[in-house]
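Have a look at the structure below before the remarks.
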Amino acid sequence: MKIFYTLLISSLFIFTANCQEDNNSFNYVIKNKIKKYNLESNLAFENKDSEKGQILFDSLVINHLIGTTFEDYTLKGFEKRKIKLSSFKKPLFILTYASWCIPSKGEIPALNKLAQKYTKDVQFVILFWDKKHSVKKIARKFNHNISVCYANESYKNDASIVANLKHTLGFPTSYFLDEKLNVVNIKRGGAQPNNKNTYVKAYTMNYNNFRDGLGSLLIEKNISKEQLSTN
């Protein structure tokens, strides 16, 4: 009987620990918060109140999503057929796109420049919500420091990532994760230069926009290095 109770208590401890871990997962939190967010966000959109919409998004990210943990997704890539997020062993900048969502002027060159500059500190991942043949042409525009991947509802095993990322926060959306896949920040949209902007102006706007987002990852990385050096 004593052995039975010992096993029961151990099982309950493991179950509770798993529940607590699941409760802190990005998937769990987004599923529980997205309905209310969508209702309020849609209302702001109907009222043409973009400022309120941005406030709602920022509130969702800051109060609920930062600190949650991403699932260790396996992505389909062009250079490697399958890539697990944890295999990169460094902070991640994941930018979601679609082939029919055309990047703004200077956007891809800005990403290429940043990926080249910070390749030792951050892994850049472009994730297209497309089938492979739809992405091939645009994938060639990104340099070798960027892992170009794709996911689609029609592909086996892609249902989870499509449901939890594409069908919740939409795209383009930038996810900034530390090396343990914890969410450091999430940003939606881009710099959005207009047609009157010169290429140099548009490039600079995109570069600064993405660089601002990367700042949180680089700060986290520097703090981690400092902590390691003092221990």
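Annotations for the structure displayed:
- Counting only DSSP beta bridges whose two residues both lie in the chain, roughly 55 percent are antiparallel.
- Ranking 144, 169, 199 by how far each Cα lies toward the positive end of the dipole of the stretch 97-231 (charges on Cβ) leaves 199 at the top.
- Per-residue packing, averaged as other Cβ atoms within 10 Å, sorts the ranges 117-130, 70-83 into the order 117-130, 70-83, beginning with the highest.
- When only the Cβ of Lys, Arg, Asp and Glu is charged (+1, +1, -1, -1), the dipole of the chain relative to its Cα centre reaches about 960 debye.
- Fraction of antiparallel bridges per DSSP, the stretch 69-140 only, in percent to nearest 5: 35 percent
- Whichever lysines have a C-alpha closer than 22 Å to that of residue 120, once near sequence neighbours (fewer than 8 apart) are set aside: 80, 82, 84, 89, 90, 141, 180, 221, 225
- A straight Cα-to-Cα reach below 21 Å connects residue 48 with the lysines 35, 36, 187, residues fewer than 8 places away in its own chain not being considered.
- Pairwise label distance in nanometres, residue 61 with residue 23, each label 7 Å out on the Cα-Cβ vector: 2.6 nm
- Antiparallel DSSP beta bridges within the stretch 123-214, percent to nearest 5: 50 percent
- Taking the helices alone, the chain has a mean residue ellipticity at 222 nm of -15500 deg cm²/dmol, built from -39,500 (n - 2.57) per DSSP H run of at least 4 residues and averaged over all its residues.
- Straight-line reach from residue 196: taking Cα to Cα under 17 Å and skipping same-chain neighbours fewer than 8 places apart, the lysines in range are 105.
Each value in this text was obtained by applying a stated rule to the coordinates, not by laboratory testing. The model shown is predicted, which means the values in this text are computed figures rather than measured ones. Cβ atoms come from the backbone with ideal geometry, glycine included; neighbour counts cover every protein chain shown.
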